[in-house]
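The values are calculated or read from the model by the stated rules, or taken from the named source; none is laboratory data. Note that the structure is a prediction, hence the values are computed from the model and not measured. All Cβ positions, glycine included, derive from the backbone under ideal geometry; neighbour counts span all protein chains shown. Surface areas here come from the heavy atoms of the whole protein model, side chains and all, with no ligands, DNA or RNA. Shrake-Rupley method; radii C 1.70, N 1.55, O 1.52, S 1.80 Å.
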Amino acid sequence: MSAIETASPRAAWSATETPPRISEDWLSVIIGLVIFVLALAVLANVDLIGLAVTTSVWSNFGQALGTASKTYAPLGGAGALLATYVALLVVLSAAAMALKADVRKFALAFTAVFWIAYASWVVGSYASFAAVTPAELQRFGVAWSLRLTNEGGFIFALLAGLIIANVFPRFAETIKEAVRPELYIKIAIVILGGFFAVTAAGKLNLAS
């Protein structure tokens, strides 16, 4: 048997493809730190990421979406959602390029994943699923609630994933390029770590 035939798949991959110039771990750190630094600009009265969309518990769909900062309130919920999508698409497509992924396939797949995921989050924030206290039930005019809080969106996202994977396997394979939970979680951990650091520093200053 020839050396070519006995070569491992890893060796064959290495011979035909060049590995990414940066690891996923370091890429996550860089993206997370950039977002964190942009958020810190608010300390200088410059709000750079306040246009991000937020989702509230709702009974009237007009109440569902808003901007993270009142500075961008004129943008409206729909505008904030579109701006969030575009910003994430640009940043994560750049990340995909750095990881030597097919950027076009990633962008198309991410578009589908983003809208499915955010639709799940909005549905999970409906008052009959998310309202918790009697005061909230009265405020939203609903007689009952599963009391899931708006984190019930995770349950709807899970259901959407199960349906897509089992009923639409070809579509699931198509959007697989954008399903990178490790990358997304690592970025979130870096941002969360920065948030905790700022919070701890603030409390230490208060104690002093």
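If I ask for residues that are touching a strand residue (DSSP E or B) at 6+ places or on another chain (Cβ under 8 Å) and open to solvent by 20 Å² or more (accessible area, probe 1.4 Å), which ones from region 119-139 would you list? Spell out the reasoning first.
Residues of region 119-139 that are touching a strand residue (DSSP E or B) at 6+ places or on another chain (Cβ under 8 Å), as a first pass: 121-122, 125-127.
Selection gives TRP121, TYR126.
Condition check: β-branched (Val, Ile, Thr) and open to solvent by 50 Å² or more (accessible area, probe 1.4 Å). Does ILE187 satisfy that? Criteria not met by ILE187.
How about region 116-147: which of its residues are among the hydroxyl-bearing types (Ser, Thr, Tyr), in contact with a Ser or Thr (Cβ under 6 Å, 6 or more places away or on another chain) and outside any loop (DSSP other than H, G, I, E, B)?
Going residue by residue through region 116-147, those that are among the hydroxyl-bearing types (Ser, Thr, Tyr) are 118, 120, 125-126, 128, 133, 145.
If we keep only those that are in contact with a Ser or Thr (Cβ under 6 Å, 6 or more places away or on another chain) as well, we get 125, 128, 145.
Across region 116-147, the qualifying residue is only SER128.
Which residues, counting only those in region 55-98, are open to solvent by 50 Å² or more (accessible area, probe 1.4 Å), β-branched (Val, Ile, Thr) and without any contact (Cβ under 8 Å) to a residue 60 or more places away in the chain? Within region 55-98, THR71, VAL86, VAL90 meet the criteria.
Can you confirm whether ALA39 is buried (at least 18 other Cβ atoms within 10 Å of the Cβ) and out of contact with any strand residue (DSSP E or B) (no Cβ under 8 Å at 6 or more places or on another chain)? Walk me through it before giving the result.
Details: buried (at least 18 other Cβ atoms within 10 Å of the Cβ): yes; out of contact with any strand residue (DSSP E or B) (no Cβ under 8 Å at 6 or more places or on another chain): yes.
Judged against the criteria, ALA39 is a match.
One residue alone among ALA127, ALA101 is more than 17 Å from ILE49 (Cβ to Cβ), under 20 Å from the mean Cα position of the chain (by Cα) and touching a residue at least 60 places away in the same chain (Cβ under 8 Å), and that residue is ALA101.
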